[in-house]
Every structure is written in C-alpha cells, then in structure tokens.
Amino acid sequence: MLSDLEFDRRHIWHPYTSMTQPLPCYSVSRAQGVELQLADGSILVDGMSSWWAAIHGYNHPRLNQAVSEQLKSMSHVMFGGLTHRPAIELCRRLVDMTGSELECVFLADSGSVAVEVAMKMAVTYWQGKGQIRHRFMTFKHGYHGDTFGAMSASDPENSMHRLYQGYLPSNLFAESPDVIFGGQWQEGEMDNFADMLERNHTTIAAVILEPIVQGAGGMRFYHPNYLKRVRQLCDKYQILLIADEIATGFGRTGQLFACQHAGIVPDIQCMGKALTGGYMTLSAVITTREVADAISQSEAKCFMHGPTFMANPLACAVACASLALLSENRWQQQVADIELILNRQLKPLLNSEYVKDVRVLGAIGVVETVRPVNMAKLQQFFVKQGVWIRPFGRLIYLMPPYIISPEQLVRLTDAIGNALSEPE
Ligand code: PLP
C-alpha cells in the first residue's frame, strides 16, 4: 500500500501542479493560532494565513464554537424557498459593514464563483435596461480567479491564464496602474484607461478590478487616485464598477475594504477568503438596490443563479462569528503594528543584490527578487527555518494572521533575510 504522501503524489492534484512532476508537499497534522504542525512534529510559523483567509489564526475557540453550535441544529438545507438565521445574520452584518449604498447580498461558494456571479449580474443588469453588453474592462496585471469568466478578466499575460486566451471572452485591458500606493500621482496616468473606455463604453457591461492591491498578478499596490478616477469615469459613461475585494476585504490593507482608501463605493462588491476567518469556503456579492432592480427587469425577471450549497448554514455561522470577532477586536491596531514591523524588517533587504523591490501595505509584505525564485527549494529552506512562506515567481510575500506576535513576525522576516543571504 502506498504511504499517505506517496498516494497524494500519485493521485491528488494540488493548486497549479502536475501529476507527473508534482512539487514537494508537506503533510500538516494540526493548525493552532499562528502555527502549523507538520506530521513529523515540526512547528512552522504561518506567514500566509492560508492565502489571505485565516485572519484570526487557526483553531480559534469562538469560531470552533460557532460551527459546533450550528451543527446541533442544522448543517445544511437548500436555500431555494427556505431561509435561516445564520444567513440572515450574516447578510445583516455585510450590509452594515459595507456602507449604506450596498444592500443586496448573494451568497456564493468561493472567490472565483463570486466573480462569475458579479460578471453575470452586470450582463443581466444591462439586459434589464434593454441592452446587450457582455464585455468587461480592467487593468493589466489583475487576477480574479481560475474559472472561465474570472480568467477572462485576469491579466492575459499571466502564466496561469495565458494558455486559455483563445477560448476566453475577449475583454479590454488598460495599462496597469503604475503609480504606487504612497507615490507621486501624475496627471495623464489614466489617459489610456479613459481613452479605451470612451471608445468602447457602449459595449462594456462593467469595469472589474482589485482595489489598491493587484494580488496574484504581481502583488502590486497602487495609488488610490486610480480608483477615484475609475469611479468618475464609470459614472460619466454609466458603466457598473465591480470591486473584487476577495483578497483585500476585512482589514488586510489597513482599511476594512480597500475601496475605502479612495473613498469610493462600487456598484457590485465581491468578498470571500477571510469572510469565514478561513474556516470554510463561502463568498458574497453585494450590490446596490439599483443593480438589483435592473436585474429584476431582465427577461427572466430574476437573477438566474442558485448554487446547491448557497448560504450553507455552517459557513454562514462561522462567517458571523468571524465578523463579530473582527468588530470586537483591535484589528486596526493589529494591522498597523504588523505594517510597522514589516517595514522595519523588510525594507533593509533592499540592500541585497537579489532584491528588486520591497513593498508593504497593511498586513502585507512583499519582497520582489531580481529573478524568479526556485519555489520548491526556497519553500524547503523556509520549512527548515521553521516558517511557512510560499513564494511564487519573483515574489516572496507575507500575509500573516492579524494575531501574530512581534516575535513570530520577526521569525518570518528573518527567514526571508536568511534566504536572501544564501540564495540557491
Ligand atoms: N479574486 C481575487 C482578487 C483573488 O485573490 C482570488 C484568489 O486568490 C480570487 C478572486 C479567487 O478566489 P478563490 O480562490 O476562492 O476562487
């Protein structure tokens, strides 16, 4: 019989892997607070929050309790024709948190599905207005997920999606935002975007973007004026604005939602990842009443979408507990403290000949190297150093749980420093 790890290598796909040349994989047996315990007993400080999600850390008593309490009454029921308290309480919280203009919530399964839902809503909105519009406009370097609609709005040059370009709906990509967060805003920066929108606006259903942080497309932090200007242009041409806050939502950038850095409100907002504190897969799309009303005027007179596991009560219950924790906790202070330490610890790495750039925003720290790293080797090095950091391409980045201690955070940044002082 194959050992567990051999079986895994032979039979199980992991994200972005090949069955014939699998990447090294570590078996994790326990996750507690900010630590992951591997099957061999070694303990790693987690720098990833399981890809932006586990903001309160792992095995949190309040989140555990929410799931076990919910299990006592109901694990799942269909959402067609039925409703329940966990969903209602969660949507109440989301409506309260996102501000007065966003008020109609659709609960979906994952980030990518939330993006599909948002794009489909935009197309249906235009049907409701008696127009056929199915193109989307965005910036280069964006990333919105791995499903077909989401890929069609992600950077066409991104290695994750390049191969599928011939099969995807053709969308419009303006030059990516170059002025960095905190940088000097330059007039004319948005000319390319504005021209493209002016020439094509009658066919565009919506602009879709990741506010402030372009994540998997390069971990780029851009100036809030781009968002302000996009909002103005969308208003001018009466095009919808979809904000994909799946990675940035729930405090990661130092604001509850990244759009708040620019003081703008989108027409449709996608949320996922940290929504359940990383416990379960759940996402949400929230829209203005105007969007919902137009959708009700479409040919079907409704929004034709209804996943089997929509509003799963266990996921909704843990999301409620996670949002309650967020509102009670000192997340602003925690994120500000993380930002301070990341700046102090990572910025000196700019002196390394292997480092092209170091950038920090909220609880995100990024070291961009001059050439692509050997991911498998570097990950192995980090595991030996007792930390969990998963680099990709030229990016070594940290996005720890907000509850990380200064000492744990320094272990992560020191490990990056060590890796750069003895690269492959
Ligand atoms: N949108 C953004 C901005 C993301 O960062 C991601 C995932 O990394 C997604 C969408 C897709 O989310 P999921 O992986 O949950 O499908």
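The values are calculated or read from the model by the stated rules, or taken from the named source; none is laboratory data. Being a predicted model, the structure only gives us computed values, none of them experimental. All Cβ positions, glycine included, derive from the backbone under ideal geometry; neighbour counts span all protein chains shown.
How many of the residues making up segment 196-220 are surrounded by fewer than 22 Cβ atoms within 10 Å (Cβ to Cβ) and at negative phi?
So in segment 196-220, the residues surrounded by fewer than 22 Cβ atoms within 10 Å (Cβ to Cβ) come out as 196-203, 216-218.
Filter once more, keeping what is at negative phi: 196-203, 216-217.
Qualifying residue count for the region: 10.
Identify, from the list GLU328, GLU339, the residue that is free of Cβ contacts under 8 Å to residues at least 12 places away in the same chain and within 22 Å of GLY249 (Cα to Cα).
Values: GLU339 fails: free of Cβ contacts under 8 Å to residues at least 12 places away in the same chain.
It is GLU328.
Of all residues in segment 297-319 being over 24 Å from the mean Cα position of the chain (by Cα) and surrounded by 13 or more Cβ atoms within 10 Å (Cβ to Cβ), which is nearest to the ligand (Cβ to nearest atom)? Among those that are over 24 Å from the mean Cα position of the chain (by Cα) and surrounded by 13 or more Cβ atoms within 10 Å (Cβ to Cβ), it is PHE303. Scanning segment 135-156 for residues being more than 10 Å from the ligand (Cβ to nearest atom) and outside any strand (DSSP E or B) gives a total of 8.
Residue pairs whose Cβ atoms lie under 8 Å apart, sitting 6 or more positions apart in sequence or on different chains, and linking a residue in segment 35-54 that is within 16 Å of the ligand (Cβ to nearest atom) to a partner that is of a type in the set (Ser, Thr, Tyr), are ALA53/THR276. Taken over segment 308-337, the criterion of being part of a loop (DSSP other than H, G, I, E, B) and at pLDDT below 95 is satisfied by ASN329, ARG330. Could you grab me the full set of residues in segment 240-266 that are under 23 Å from THR203 (Cα atoms) and buried (at least 24 other Cβ atoms within 10 Å of the Cβ)? Answer for segment 240-266, where residues must be under 23 Å from THR203 (Cα atoms) and buried (at least 24 other Cβ atoms within 10 Å of the Cβ): LEU240, ILE242, ALA243, ASP244, PRO266. One residue stands out in segment 80-90 among those that are among the hydrophobic types (A, V, I, L, M, F, W, C) and surrounded by 22 or more Cβ atoms within 10 Å (Cβ to Cβ): the one that is farthest from ASP244 (Cα to Cα), namely ALA87.
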